[in-house]
Amino acid sequence: MTTTLKDPRHRTTFATPAVRLTGIGKSFGGSWAVRNVTLDIRHNEFFSILGPSGCGKTTLMRMITGFESPTEGVVELGGTPATGIPPHKRDLNMLFQSYALFPHLNVRENVAFELKVRRSQPKKDIASAVTEALALVRLDGYGDRSIAQLSGGQRQRVAIARALIGRPSLLLLDEPLGALDQKLRAEMQLELKKIQREVGVTFVTVTHDQEEALTMSDRIAVMDSGLVLQVDTPEAIYERPATRFVADFIGISNFLTGVLNGGCLGVEGLGNIIVADDHAVPDGAHVHLAVRPENVRLTLTPEEPDDCPVLLDATLRQIVYLGNATRYHLVLPNGAGLIAEARGAATSGLSVGDRVVAGWHPRHSRLLAE
């Protein structure tokens, strides 16, 4: 029977998640690297575990693969507890940042290696599976090339083909794009997402790159200090962060801190700032108000535009041209910093040292309880 990478599982509804973590924790010498993580990863979704270095994301992935055993909690794969099941007997594969390709083997031999080790397929079926796998990653005709003849992106494609040829239910990717330059990394983000959709395999990637996670993922788990702080879609993570850390780690946010009272946030040195009325924070609470730079508008006059009920005096300290946008660094009367960002070049006539008015609509702000 010929091995095929085409898989209709992405059109199937499953009663159990691909991965279920319940109360997972991992301690090394009395220090907790992962604490009380409970989450489900769905079949056929692209799931990212995102966080800074040392947050516990790699340890969490290693517990899914079986390279680490949880100190507490349960890992389930496809509804079955994975306790005691060694990594090579779990229905999963891994793609490492280094790719781990064999330099003495050509492309075809690298891709075929896993099936040959298993010795579960006739040679003709292995050859057919390799041809299909190379077509999937757009490397038709590259089978006889040596690894040394390939670019970084092509090597990664070979590693992807090898990881998927055995049709695992789950593919784990450890910082998969970290070795690529910025332009190629952006291209491969879309390519990985396309491949995941075509094969219908659950992808779980570990990364510290926010843009990478936002671009590729169906859902993201944001981690810090061993804890999962929020699990949601990329849009919700960016637009509706659950904590100050999430708002600060994903993209750029402005923060103002004060006391909530009657639909306004009282900020020392700035007065009362109108907030959106769809929050569940009680009056009297100390909270952070988060506003994304792209939602801050700048004018030279204090006239209130219809879409900017919140207006604050500010002084322009720096203008940074980013190519596709211009970033304005401001100082508010209480000494706090504020960043505004506008698409394109700086064409507004603003200069460093100008007194300006910064404004936004309350619906573009987010209250985050301390």
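Readers should treat all values here as calculations from the given coordinates under stated rules, not as data from a laboratory. Keep in mind it's a predicted model, so treat the numbers as computed, not measured. Neighbour counts run over all protein chains shown; Cβ positions are idealised from the backbone, glycine included.
Number of Lys-Lys pairs in the chain with C-alpha atoms under 22 Å apart and a separation of 8 or more places or on different chains: 12. Amide hydrogen proximity for Q230: with H placed 1.01 Å from N in the peptide plane, the residues at 5 or more positions away or on another chain lying under 5 Å are V222.
Per-residue ellipticity at 222 nm, computed for the chain from helices alone with -39500 (n - 2.57) per DSSP H run of at least four residues, works out to -7000 deg cm²/dmol.
What shape does the range 141-212 take by its C-alpha gyration tensor, where a ≥ b ≥ c are the square roots of the eigenvalues and a/c under 1.5 counts as rounded, a/b above b/c as prolate, and the rest as oblate? Oblate, because a/c is 1.5 or more while a/b does not exceed b/c. When the Gaussian network model of the chain links Cα atoms closer than 10 Å, the mean-square fluctuations of A213, A33, A285 top out at A285. Placing a label point 7 Å from the Cα of A186 along the Cα-to-Cβ direction, the residues of the range 243-261 whose backbone N falls under 19 Å of that point are 251-252.
Computed extension length for N334-T16: 109.2 nm, one decimal, from 0.36 nm per residue of separation with the Cα-Cα distance subtracted. Lys and Arg at +1, Asp and Glu at -1: add these up for the other residues within a Cβ distance under 9 Å of A342 and post the number. Result for the local shell: +1.
Per-residue Karplus couplings for the range 19-31, computed as 6.51 cos²θ - 1.76 cosθ + 1.60 with θ equal to phi - 60°, are listed in order as 9, 10, 10, 10, x, 6, x, 9, 10, 10, x, x, 9 Hz, Gly and Pro entered as x. Along the chain, counting only trypsin sites (Lys or Arg not before Pro) with a DSSP assignment other than H, G, I, E or B and at most 11 other Cβ atoms inside a 10 Å radius, the longest segment between sites is 120-370. Within the shell defined by Cβ-Cβ distances under 14 Å, the residues around D144 carry a net charge of 0, with Lys and Arg each +1 and Asp and Glu each -1. Relative to one another, the C-alpha centroids of the range 18-93 and the range 314-359 are positioned 44 Å apart. Shape class for the chain, computed from the alpha carbon gyration tensor (a ≥ b ≥ c): prolate, with a/c not under 1.5 and a/b above b/c.
Taking 11 Å as the cut-off, the amide N atoms of the range 55-80 that come nearer than this to a point 7 Å along the Cα-to-beta-carbon line of F28 belong to 55-60. Less than 5 angstrom separates the built amide H of E68 from those of M63, all sequence-distant by 5 or more or on a different chain. 3J(HN,Hα) couplings calculated from phi for the range 352-360 with the Karplus curve 6.51 cos²θ - 1.76 cosθ + 1.60 (θ = phi - 60°) are, in sequence order, 4, x, 5, 8, 10, 10, 9, x, 7 Hz; Gly and Pro show x. Does the range 252-369 classify as rounded, prolate or oblate by the C-alpha gyration tensor (a ≥ b ≥ c root eigenvalues; a/c under 1.5 gives rounded; else a/b over b/c gives prolate, otherwise oblate)? It comes out prolate by the Cα gyration axes.
Stretching F96 away from F67 to a fully extended chain increases their span by 9.1 nm, per 0.36 nm per residue minus the current alpha-carbon distance. Less than 5 angstrom separates the built amide H of T243 from none of the residues sequence-distant by 5 or more or on a different chain.
Please compute the net charge surrounding R317, taking Lys and Arg as +1 and Asp and Glu as -1 over other residues with Cβ under 12 Å from its Cβ. Charge balance near R317 sits at +1.
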